[in-house]
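Read through the structure below, which is laid out as structure tokens, and then see the notes.
The values are calculated or read from the model by the stated rules, or taken from the named source; none is laboratory data. Treat the numbers as computed from the prediction; the structure is a model and nothing was measured. All Cβ positions, even for glycine, are placed from backbone atoms using ideal geometry, and neighbour counts span all protein chains on display.
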Amino acid sequence: MDPRREYLQTITRRHFFQQGALGLGTAALASMLPERAQAATNGPQAVGGLPNLPHFAPKAKRAIYLFMAGAPCQMDMFDYKPTMNDWFDKDLPESIRNGQRLTTMTSGQKRFPIAPSKFKFKQHGKSGAWVSELLPNTAKMVDDLAIIKSLNTEAINHDPAITYITTGHQLPGRASLGSWLSYGLGSMNQDLPSFVVMTPKWSGRQQAQALYNRLWGSGFLASKYAGVSLRSKGDPILFLSNPDGVDAQTRRRMLDSLSKLNQNTFDQIGDPETQSRIAQYEMAFRMQTSVPGLTDITDEPKNILDMYGPDVTDPGSFASSCLLARRMVERDVRFVQIFHRGWDQHGDVAGSLPKQCKDIDQACWALVQDLKQRGMLEDTLVVWGGEFGRTVYSQGKLTKENYGRDHHPRCFTTWMAGGGIKPGMVHGETDEFSYNIVKDPVHIHDMNATILDRLGIDHKRLTYKVLGLDTRLTGVEDHGPVKELLL
């Protein structure tokens, strides 16, 4: 369907009179340049989306976001601080903490004793990036990565922090990153959702924070832009299978009749959500054929399965999710997000963190290398990271063999690869305590603006009017793409 016609069909009476001649004039102008968006994508023509997007030729056609929910310990994985060994069990200087607010989990502590990382670090690759012994496979590919050590946020607790980084606001109700991409760029594959989410199992601390579907929800956008959650047991997607006694032909007739009823409702009321409902029913019918083929990995060669490791054949594992992510983007799914829980190491870092790293290390390496050898990494953006970092001081009992770490929003580490990101670089620096940023800070809005930029979107121009305001993913402050990361 022509995106301009789809937009005009779904517009409400209020929106029509509000936009008036300007809205129709914009559509008329877009009709004079029908090939611009398609030419810019240099790939399959998107269906839906806004007529003026992409704003410029994208470097990435698609993205995979590997989200480590719970906040990985940057000091134990990427941010090497050897001088802290001399500070063992000494108090964090007040000049370093500088009045930072604390969570209720450590605000009652009488001391904030320094807990150096117990794990060994080495430099790797031409970039000389420091990586912990917990991530031997990630260490092998540092020259494929841009490692950002200076990410920061204002949120200090999990739910608002994850909501903030995924939707641009700490309070619920906003559209998620994947929903913005679906809304703005449309879908490249009409047999699969444009935005798919997976929540694999984990091996670390089992008392993990809950994940709410608002993290991949559409918020104020139409519900058809929300992420579709792929399950590891039973039907990959709920209600996808026909009920007992209902064959495909019967299902088709039912949907045709239901579509007519919904169209009558839309003609009378003009609510765009009615059109969303029709589109979702049709997508579900097409997915009955496309999803089983997607999730059946028996056609994958043994060498590919071996790359991802022994867990790849275990449905619901992180490795299995990474392989499915590659199969999705190969089928032109626009955005895949994997939420891996269990990274909330308030205690027992020595026991829990190695298990979490083992879950993800080989699979992350395999995903990047798999995309690379297929020639897909150059136009597929891969992002890895959590919602904030962890403190250098110990929460609870401190020994040289074990310790805990509290939440820390002032600095944390993430990495990006492919999709127009400069490989083999380390961006940003923190102080010797991995507590404050001393060079090249990157706010989470800057990171989201960078992701949008690589997909051909000017983050300031992708807006949606909500309560009279032009709302955008990256807020109203002066943020933007991190130019040093861009090819």
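Does the stretch 122-161 hold any residues that are of a type outside the set (Ser, Thr, Tyr), touching a helix residue (DSSP H, G or I) at 6+ places or on another chain (Cβ under 6 Å) and over 16 Å from Glu429 (Cα atoms), and which are they? Once the filter is applied, which keeps residues that are of a type outside the set (Ser, Thr, Tyr), touching a helix residue (DSSP H, G or I) at 6+ places or on another chain (Cβ under 6 Å) and over 16 Å from Glu429 (Cα atoms), the stretch 122-161 yields His124, Gly125, Lys126, Leu134, Leu135, Asn137, Met141, Asp144, Ala155. Note on the stretch 336-353: among residues that are among the β-branched types (Val, Ile, Thr) and under 25 Å from Ser229 (Cβ atoms), the one that is surrounded by the fewest Cβ atoms within 10 Å (Cβ to Cβ) is Ile338.
One line per residue, one yes/no per condition, for (1) over 20 Å from Pro72 (Cβ atoms); (2) surrounded by fewer than 24 Cβ atoms within 10 Å (Cβ to Cβ); (3) without any contact (Cβ under 8 Å) to a residue 60 or more places away in the chain:
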site: Ser176; (1), (2), (3): yes, no, yes
site: Asp191; (1), (2), (3): yes, yes, no
site: Lys201; (1), (2), (3): no, yes, no
site: Leu211; (1), (2), (3): no, yes, no
site: Arg214; (1), (2), (3): yes, yes, yes
site: Gly219; (1), (2), (3): yes, yes, yes
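Those residues that are closer than 19 Å to Gly168 by Cβ and touching a Lys or Arg at 6+ places or on another chain (Cβ under 6 Å), I need them from the stretch 195-227; list them, please. Selection gives Gly219 alone. Within the span defined as the stretch 78-99, one or more residues are of a type outside the set (Lys, Arg), in contact with a Ser or Thr (Cβ under 6 Å, 6 or more places away or on another chain) and at pLDDT 90 or above.
Leu102 meets the stated requirement of being over 24 Å from the mean Cα position of the chain (by Cα) and of a type outside the set (Gly, Ala, Ser). Considering every residue within the stretch 130-140, establish whether at least one is touching an Asp or Glu at 6+ places or on another chain (Cβ under 6 Å), part of a loop (DSSP other than H, G, I, E, B) and within 25 Å of Tyr403 (Cα to Cα). Yes, some residue in the stretch 130-140 is touching an Asp or Glu at 6+ places or on another chain (Cβ under 6 Å), part of a loop (DSSP other than H, G, I, E, B) and within 25 Å of Tyr403 (Cα to Cα).
Among the conditions (1) under 22 Å from Lys118 (Cβ atoms); (2) out of contact with any His (no Cβ under 6 Å at 6 or more places or on another chain); (3) of a type outside the set (Ser, Thr, Tyr), the only one that Gly389 does not satisfy is (2).
Okay, residues lined up against (1) of a type in the set (Val, Ile, Thr); (2) modelled with pLDDT under 95; (3) surrounded by fewer than 22 Cβ atoms within 10 Å (Cβ to Cβ):
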residue	(1), (2), (3)
Lys355	no, no, yes
Lys358	no, no, yes
Ala363	no, no, no
Ala366	no, no, no
Leu371	no, no, no
Arg374	no, no, yes
Thr380	yes, no, no
Val383	yes, no, no
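With respect to (1) aromatic (Phe, Trp, Tyr); (2) within 23 Å of the chain's Cα centre (by Cα); (3) over 24 Å from Tyr65 (Cβ atoms), the lone exception for Tyr403 is condition (2). For the stretch 421-449, residues that are touching a Leu at 6+ places or on another chain (Cβ under 6 Å) and within 17 Å of Tyr65 (Cβ to Cβ) total 3.
Of all residues in the stretch 86-110, count the ones that are on the phi < 0 side of the Ramachandran plot, part of a loop (DSSP other than H, G, I, E, B) and surrounded by 13 or more Cβ atoms within 10 Å (Cβ to Cβ).
Qualifying residue count for the region: 10.
Among the residues of the stretch 412-432, the ones that are in contact with a Pro (Cβ under 8 Å, 6 or more places away or on another chain) and farther than 21 Å from Lys126 by Cα come to 1 in all. The numbered conditions (1) in a loop (DSSP other than H, G, I, E, B); (2) closer than 16 Å to Pro58 by Cα; (3) out of contact with any Ser or Thr (no Cβ under 7 Å at 6 or more places or on another chain) are all true for Pro481 except (3).
On the stretch given as the stretch 91-145, residues that are touching a Lys or Arg at 6+ places or on another chain (Cβ under 9 Å), within 18 Å of Ser394 (Cβ to Cβ) and among the hydrophobic types (A, V, I, L, M, F, W, C) total 4. Residues considered: Ser117, Ser132. Of these, the only one that is surrounded by 23 or more Cβ atoms within 10 Å (Cβ to Cβ), of a type in the set (S, T, N, Q) and over 25 Å from Ile338 (Cβ atoms) is Ser117.
Pairing each residue of the stretch 137-156 that is free of Cβ contacts under 8 Å to residues at least 24 places away in the same chain with any residue that is not in a helix (DSSP H, G or I), provided the two are 6+ apart or on different chains, yields C-beta distances under 7 Å for Ala139/His124; Ala139/Val131.
Of all residues in the stretch 160-193 being among the polar types (S, T, N, Q) and modelled with pLDDT under 95, which is farthest from Arg334 (Cα to Cα)? Give the steps one after another, and end with the answer.
Just the residues of the stretch 160-193 that are among the polar types (S, T, N, Q), to begin with: 163, 166-167, 170, 176, 179, 182, 187, 189-190.
Those still in the list that are modelled with pLDDT under 95 too: 187, 189-190.
Working: Ser187: 7, Asn189: 8, Gln190: 11 Å.
By that ranking, first place goes to Gln190.
Residues in the stretch 415-462 that are within 21 Å of Phe335 (Cβ to Cβ) and in a loop (DSSP other than H, G, I, E, B): Gly418, Gly419, Gly420, Leu455, Gly456, Ile457, Asp458, His459, Lys460, Arg461, Leu462. Under the condition of being closer than 13 Å to Trp384 by Cβ and touching a helix residue (DSSP H, G or I) at 6+ places or on another chain (Cβ under 8 Å), the residues counted in the stretch 337-358 number 5.
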